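Contents: one structure, followed by commentary.
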Amino acid sequence: MKNPNPPPPRPSSAKPPAAMAPRKSRWGPPPPAAAAGEKGASTSARTPTPTPSSDSRRHPAPPAPGPIARNAASPAAAFRPPQLQQPVETPPPPPYGFHNLDRRTMLLADGTVRTYFALPPDYPFEPTPLPPLPHLPRAGPEVWPPHHPPPPQLAPHETKRKHLADFDEGFHRHPKQPRFEAPHHPPQLPPHAAVDRQALRRAFLKYAKMLNESAVQRRSYLEGGRVPCLACGRSSKDFADVHGLVMHAYNPPNADSFVDHLGLHKALCVLMGWDYTKVPENSKAYQSLLPDLVQASREDLIIWPPTVIIRNTATGRKKDGRCEGLGNKEMDKKISELGFAGGKSKSLYGKEGHLGLTLIKFANSPTGLKEAEHLAEFLEKQDHGRIGWSRAQANRSIDSDNSPLLVETDNRTGEKTRVLYGYLAILSDLDELDSDSRKRASLKSRRDLDPSD
């Protein structure tokens with residue numbers, strides 16, 4: 001049975017059906033209206049509107065991080081490089097337009113004509129004012145090189161390195177177990193300026209003679225190779241070269257032979273032609289010396305007593321093949337005829353007879369040195385000195401009796417006389433002396449000659 005009074009109908013909450021949207025194409029854009037409406041709806045639905053928080057006043061947001069400021073008073077500020085000043089702006093150069101140029105032509109060497117543009121020779125150039133120079137302090141010894149202030153001193157507790165045995169925070173730190181090795185103490189060598197000059201000079205002359213007594217020994221040092229140290233004696237080791245020996249002699253291992261090693265150092269430098277006034281280093285800068293200074297240092301050392309070496313005194317051969325030459329009396333007579341009567345002659349002989357060499361020894365005094373120097377200068381002026389003898393030896397032929405450099409022939413009588421060559425005996429002439437004269441001879445320096453030695 002139906003209800004005569006049916007309840008009133010409730011209002012429907014369902015939305016009216018929307019019109020069917022057209023189907024989206026896979027390859028084309030969506031409809032503009034629908035796409036815009038949907039995009040706006042979706043955007044508004046996904047992006048909520050920010051609302052101010054009630055705690056923003058109580059807890060404000062932290063400020064945005066800014067550039068970190070440097071503390072000018074910090075210790076590290078003293079080590080920062082000073083900031084460069086802004087460069088002074090220079091005014092721009094005046095503009096040059098095409099209307100300022102002149103057209104010119106130039107004839108080349110091949111006959112062609114070239115055209116170019118240039119400013120006229122009477123163009124009114126206006127000098128551009130130079131920017132003002134920054135103020136600089138006047139150069140002087142007190143500002144050059146620039147003096148930077150020392151960095152500030154930090155607190156002692158920040159820089160002091162504590163010892164292992166120091167007390168720290170109430171407990172004691174024990175040091176490490178000490179070593180039982182004997183401490184190494186390098187030898188205390190006296191400074192070079194405190195060395196006895198007389199003892200050093202005697203050591204230098206001693207080793208200079210030892211290096212030049214034998215031609216074989218001198219050649220071993222000049223040609224390179226392993227060489228021993230004469231100052232160390234039998235306990236010396238062989239050094240790879242003379243440079244290593246010079247470094248060893250300048251820095252000896254002990255103080256007992258300090259003077260001997262320094263004298264050997266100077267003698268080696270004179271022999272090799274090096275500068276003994278410079279400290280020897282691995283750069284070998286001390287080995288560069290002018291040839292004039294090398295020759296002067298070698299010729300300064302003379303054989304004592306003063307001796308003049310006379311060459312070309314052999315006169316021929318005997319029937320047995322032995323050489324014969326001028327004897328002592330004949331040489332004394334010839335020297336007296338030249339006006340030098342203070343010397344005594346000593347002719348040298350070998351296995352084959354006369355060696356063609358005679359020594360003229362003068363007195364062991366400054367007067368004898370002057371007479372020897374006068375004789376050597378007399379022969380040098382006639383081109384019969386050391387250089388003349390080297391030239392005669394270079395042009396020497398097998399038949400030396402007919403060489404005009406060695407024999408002079410009298411045009412009237414036809415008598416032949418030997419041309420005498422001579423020079424003052426120096427350090428490099430030690431090996432030309434006989435064994436007895438070499439043993440008795442010593443060396444002297446002309447610059448610091450002391451007759452009392």
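The values are calculated or read from the model by the stated rules, or taken from the named source; none is laboratory data. Note that the structure is predicted; figures quoted are calculated from it, not measured. All Cβ positions, glycine included, derive from the backbone under ideal geometry; neighbour counts span all protein chains shown. In case anyone asks, the SASA skips ligands and DNA or RNA and just uses the protein heavy atoms, side chains included. Shrake-Rupley method; radii C 1.70, N 1.55, O 1.52, S 1.80 Å.
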(request) Looking at (1) open to solvent by 40 Å² or more (accessible area, probe 1.4 Å); (2) closer than 20 Å to residue 421 by Cα, find the lone condition where residue 251 falls short. (result) (2)
(request) Answer yes or no: is there a residue in the stretch 376-389 that is under 29 Å from residue 441 (Cα atoms) and either among the aromatic types (Phe, Trp, Tyr) or more than 50 Å from the chain's Cα centre (by Cα) (or both). (result) yes
(request) Return the only residue of 367, 358, 313 being open to solvent by 60 Å² or more (accessible area, probe 1.4 Å) and of a type in the set (Val, Ile, Thr). (result) 367
(message) I'd like to check something: does the stretch 205-220 contain any residue that is surrounded by 17 or more Cβ atoms within 10 Å (Cβ to Cβ) and under 27 Å from the mean Cα position of the chain (by Cα)?
(response) no
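Are any residues in the stretch 315-330 in contact (Cβ under 8 Å) with a residue 60 or more places away in the chain, at negative phi and not β-branched (Val, Ile, Thr), and if so, which ones?
Within the stretch 315-330, just 326 meets the criteria.
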